[in-house]
1. Residues in the stretch 196-207: is at least one closer than 17 Å to Gly173 by Cα, in contact with a strand residue (DSSP E or B) (Cβ under 8 Å, 6 or more places away or on another chain), surrounded by 13 or more Cβ atoms within 10 Å (Cβ to Cβ) and among the acidic types (Asp, Glu)?
2. Of all residues in the stretch 164-173, count the ones that are closer than 27 Å to Leu229 by Cα and either exposed (fewer than 15 other Cβ atoms within 10 Å of the Cβ) or of a type in the set (Asp, Glu) (or both).
3. Restricting the stretch 239-260 to residues that are in a loop (DSSP other than H, G, I, E, B) and more than 44 Å from the chain's Cα centre (by Cα), which is farthest from Lys184 (Cα to Cα)?
4. Looking at (1) in contact with a strand residue (DSSP E or B) (Cβ under 6 Å, 6 or more places away or on another chain); (2) over 21 Å from Met308 (Cα atoms); (3) in contact (Cβ under 8 Å) with a residue 60 or more places away in the chain; (4) not polar (S, T, N, Q), which one does Ile81 not meet, given that it meets all the others?
5. Would you mind stating whether Glu377 is under 20 Å from the mean Cα position of the chain (by Cα) and either of a type in the set (Val, Ile, Thr) or part of a helix (DSSP H, G or I) (or both)?
6. Return the residues of the stretch 67-89 that are surrounded by 13 or more Cβ atoms within 10 Å (Cβ to Cβ) and of a type in the set (D, E, K, R); say none if nothing qualifies.
7. So Val397 clears everything in (1) over 27 Å from the mean Cα position of the chain (by Cα); (2) among the β-branched types (Val, Ile, Thr); (3) at pLDDT below 95 except one condition, right? Which one?
8. Name the residues in the stretch 327-358 that are closer than 15 Å to Glu306 by Cα, in contact with a helix residue (DSSP H, G or I) (Cβ under 9 Å, 6 or more places away or on another chain) and not β-branched (Val, Ile, Thr), would you?
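The values are calculated or read from the model by the stated rules, or taken from the named source; none is laboratory data. This is a predicted model, so every value here is computed, not measured. All Cβ positions, even for glycine, are placed from backbone atoms using ideal geometry, and neighbour counts span all protein chains on display.
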Amino acid sequence: MSLKTATKLENNRVELEIEVDAATFEAAVNAAYKKDVKKIAVPGFRKGKAPRALIEKTYGTGVFYETAMNDIYPIALDEAIKASGYEYVEDKIDLDVVSVGAEGLVFKATITVKPEVTLRGYKTLKATKKVEPVTDEDIAKELEKLQERNARMVSVEDRAAEMGDTVTFDFEGFQDGVAFEGGKAENHSLVLGSGQFIPGFEEQLVGAAVDAELDVNVTFPEEYHAAELAGKPAVFKCKVHKIEKKELPAIDDDLIKDSTDFETVDEFKADAKKRLEEQREKVAQDAVDEKLVEGVIKSMKADIPEAMFEHAIDDRIQDFAYRLQAQGLSLELYMQYTGMDEKAFREGFREQAEKQVKLRLALEAIAKKEKIAPTDEEIEAEYAKFAEQYGMEVDKVKAAIPASALVEDLSVSKAMDFVKEHATITEE
């Protein structure tokens, strides 16, 4: 089997002319005979026992050609693609038989391949790194969060309800004097000012004392989910059972000892500052990395086949489906709940999928142009990392992940490192 010609067509399509020699094709035809003979009836012979020559004489010399070609063309095509030097993109393959017979098989296969990528400016990218400083106010907020986590609720007996209090009460809603469905609850807890109820409701509970009974008059919003209530007035008859307020602990060493791994307020503040600085450093670095990614994508030019985008969308959908399964939900059920059709659902992944494909192509081109490749030590280290991550022996990981795939991924990663090393980063 051999590649005769490889002709580049439009839209990243390549026509390969492939030849299967006579001996190889004859072996494929003979294998096809052994496979199909059981289905062929020849007078005077039981099914499966007729000689090949007699069957070919009866039904024609090409009786087994179709089966032989179906069996041999995937192997021949795979070898031809490798010989062509093009990288195949899974897409429609057009096949056309040029000649077939005792002298062998010649066929043409038109495939989609990865596009040629041109690059410019990827070594002169610029970005500004701005790390927000940690202020005393930021640290004070961390202490306030600690207070909130350790707050306790205490009953209020000596005053009426105020904003910020938690009120436990019964209520029942009426419209034109008739109770409506879903408008009743007992011992419901509500933080006044939280905005959980429709506008105007919570404010009218301010000033109510324990055991107070009162009417709350409201008008449902025009966009309310229950159409029969939207835009209409209603009265809620309420009875207050309990009023509680949040009591915050003092910020002192005792609070720190009881609720953290530190001994003093100063130790907590020092750790909070360090933690916030690390977080903001990461946020700033991520922003720089994103800016460089945008620059890399802009630095490349390629006529990318739509099939590459579609495959990237498929991968993202598959990953999303796996995460849904982990939560006990199927993709079909999710789409029913959200009311999305398949087209709209796929389009939701398109932007990121296109970005992923463009970045990958650009980095592959950079790695090729700059002759970037991982060392043997880096490859072994990556295999060891996978082995530890999945709890497998290194040899089994190597059997599951081809070295070529690992080399390609590491080269792409190192190409991004190359871009970062050559970028001009201005810090603010």
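1. Yes, the conditions are met somewhere in the stretch 196-207.
2. 2
3. Here the residue is Asp252.
4. Unmet for Ile81, out of (1) in contact with a strand residue (DSSP E or B) (Cβ under 6 Å, 6 or more places away or on another chain); (2) over 21 Å from Met308 (Cα atoms); (3) in contact (Cβ under 8 Å) with a residue 60 or more places away in the chain; (4) not polar (S, T, N, Q): (2).
5. Here the answer is no, as Glu377 does not meet what is asked.
6. Selection gives Asp71, Glu79.
7. (1)
8. Residues of the stretch 327-358 closer than 15 Å to Glu306 by Cα: 346-347, 349-358.
This time we only want the ones that are in contact with a helix residue (DSSP H, G or I) (Cβ under 9 Å, 6 or more places away or on another chain), so: 346-347, 349-350, 352-358.
Passing the criteria: Arg346, Glu347, Phe349, Arg350, Gln352, Ala353, Glu354, Lys355, Gln356, Lys358.
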